[in-house]
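Heads up: the structure comes next, in C-alpha cells.
Since every read-out is calculated from the coordinates, none of them should be taken as a lab result. Just so you know, these numbers come straight off a predicted model, no measurement behind them. All Cβ positions, glycine included, derive from the backbone under ideal geometry; neighbour counts span all protein chains shown.
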Amino acid sequence: MNIKKFIFSSEERHIEKVKFTCKTPSNIALVKYWGKSEPQIPKNASISFTLNNCHTITTIEFEKHQNKTIDFDLFFEGKKKDDFKPKIQKFFERIAEYCPYLYDYKMVINSENSFPHSSGIASSASGMSAIAMCLMNLEKVLNPTISDEFFNKKASFLARLGSGSASRSIEGKLVVWGQHDKIEGSSDLFGIKFPYKIAPIFEDYQDTILLVDKGEKQVSSTVGHNLMHNHPYAEQRFIQANENLEKLSEILQNGDVKTFINIVESEALTLHAMMLTSNPYFILMKPNTLEIINKIWEYRNENNSNICFTLDAGANVHILYPKSEKTEIEQFIDKELSKYCQNNQYICDSIGLGGTIIND
Ligand code: DP6
C-alpha cells in the first residue's frame with residue numbers, strides 16, 4: 001500500500017467539539033519483534049495473540065482551537081501526568097503529517113489500564129493503540145466516507161509509529177505485523193488479522209500472566225531494539241524469526257499444538273538470548289522466571305499437558321494453554337507457581353477480539 005494513502009486530506013464536516021472513548025487490548029507475541037529501523041520498520045515479521053482482559057481505556061476530548069500547534073493535557077488514572085507527555089508529544093509529531101487535524105484541536109487525554117500500574121506488563125501496546133483509535137474516530141467523523149478496512153489499517157499504522165507492538169493491538173484474534181512472503185497482505189507499515197482459518201484449539205487459547213517482577217525494567221525495549229544494530233547474531237535471528245512465522249502459520253491452521261509449543265518457547269528464549277549476547281549485555285529474567293519455566297516443563301512431562309510459556313521483554317511469564325485444560329492448569333498455577341509471583345499475583349487472560357469504541 002502506498003503510504004500517501006494515509007495522509008488525511010478531505011475534511012467533509014466541521015466539528016467544533018467531540019469526545020471519544022476507546023478500549024484497546026495488550027497483546028502477546030508468539031514470534032517476537034526485536035530489532036527495527038527508522039521509522040519503526042521491523043527487521044522481521046511478528047505475530048501475536050490479542051489479549052482480552054489486559055487493556056487500556058482512553059478518552060480524548062477534542063476542542064477546536066486556532067493556534068495551530070499540538071496542544072494536549074494528559075491524565076493517567078485521574079492524575080495529571082506531565083512526565084508521560086514527551087513520549088506522546090513525540091508520537092503526535094511523528095503522525096502529524098498523516099493527521100493534520102491534530103493542529104486544529106486542543107486535546108484532553110484521560111487514560112487508565114485494567115492491569116495494575118507498574119505490573120511489568122507493557123502498556124505501550126494498549127496505550128498507543130487506544131490513542132490511535134480515538135484519532136481515527138475523529139477522522140471518521142471529519143470524513144465519514146472512510147471504510148472500516150481503512151480505519152483499522154490506518155489505526156494500526158498510527159499505533160505502530162507510537163510503539164511497534166501497538167500495531168498488533170487494533171484487531172484480534174491473531175495479528176501479523178511485518179512483510180512476509182507467505183502471509184498474504186502483510187506489511188511493515190501496519191498489522192493485519194491473520195488471514196487464514198485458525199484451528200479451533202487456538203481460537204480460545206488462554207494466557208495466565210505471572211507477575212514475577214513488578215518493578216521498572218532496567219533496560220527499555222527501545223534501548224534493546226537498538227542493541228540489535230551491530231549485534232553479532234542479528235541477521236541470523238531475523239531469518240529465524242521469519243522462518244518461525246512461516247511454520248507457525250501452518251500450525252495455527254492445522255492445530256499441531258506440540259510444534260506450537262516448541263516454536264513459541266524457542267522464540268521466548270531466543271529473545272532473551274539476544275539480550276544476553278548484546279553489547280552492553282543485560283538480563284531481564286529473574287531467578288523466579290527460571291523456577292517457573294522449570295516447573296512448567298516438569299508439569300508438562302508428568303501430565304502430558306499442552307502448557308507452555310512465553311516471555312516479553314521482562315521477568316513476567318505468560319503461560320499459554322488450550323481452554324480444554326483450563327481447570328487443571330489453573331489449579332497447578334495456583335498451587336505451584338503463584339508462590340514465585342510478587343504478592344502471589346497473576347492475571348488470567350485469553351485471546352480477544354481487539355479494540356472497540358465505548359461511546360462518542
Ligand atoms: C519484546 O513495541 O515495546 O515485546 O517499538 O520501541 O515501542 P517500540 O518497542 P515495543 O517492543 C516490543 C518487543 C517485545 C516483542 C513483541 O511484542 O513482539
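Points to keep in mind about this one:
- Filtering segment 8-52 to residues that are within 14 Å of the ligand (Cβ to nearest atom) and free of Cβ contacts under 8 Å to residues at least 40 places away in the same chain leaves Ser37, Glu38.
- Set Pro200, Pro232: member being surrounded by fewer than 20 Cβ atoms within 10 Å (Cβ to Cβ), of a type outside the set (Lys, Arg) and touching a Ser or Thr at 6+ places or on another chain (Cβ under 8 Å): Pro232
- Hits in segment 155-180 (condition: surrounded by 24 or more Cβ atoms within 10 Å (Cβ to Cβ), polar (S, T, N, Q) and more than 8 Å from the ligand (Cβ to nearest atom)): Ser156, Ser167, Ser169
- Residues of segment 120-154 classified as of a type in the set (A, V, I, L, M, F, W, C), in contact with a His (Cβ under 9 Å, 6 or more places away or on another chain) and within 12 Å of Gly355 (Cβ to Cβ), total: 1
- Residues being surrounded by 14 or more Cβ atoms within 10 Å (Cβ to Cβ), out of contact with any Cys (no Cβ under 9 Å at 6 or more places or on another chain) and either under 23 Å from Lys339 (Cα atoms) or in contact (Cβ under 8 Å) with a residue 60 or more places away in the chain (or both) - total across segment 273-289: 6
- Residue within segment 188-195 that is part of a loop (DSSP other than H, G, I, E, B), away from the ligand (no atom under 16 Å from the Cβ), out of contact with any Pro (no Cβ under 9 Å at 6 or more places or on another chain) and without any contact (Cβ under 8 Å) to a residue 40 or more places away in the chain present: yes
- Residue in segment 249-264 that is within 16 Å of the ligand (Cβ to nearest atom), of a type in the set (Phe, Trp, Tyr) and either crowded, with 18+ Cβ neighbours inside 10 Å or in contact (Cβ under 8 Å) with a residue 40 or more places away in the chain (or both) present: no
- Gly185 being in a loop (DSSP other than H, G, I, E, B) and either touching a helix residue (DSSP H, G or I) at 6+ places or on another chain (Cβ under 6 Å) or touching a residue at least 60 places away in the same chain (Cβ under 8 Å) (or both): no
- Count of segment 9-29 residues which are of a type outside the set (Lys, Arg) and within 25 Å of the chain's Cα centre (by Cα): 9
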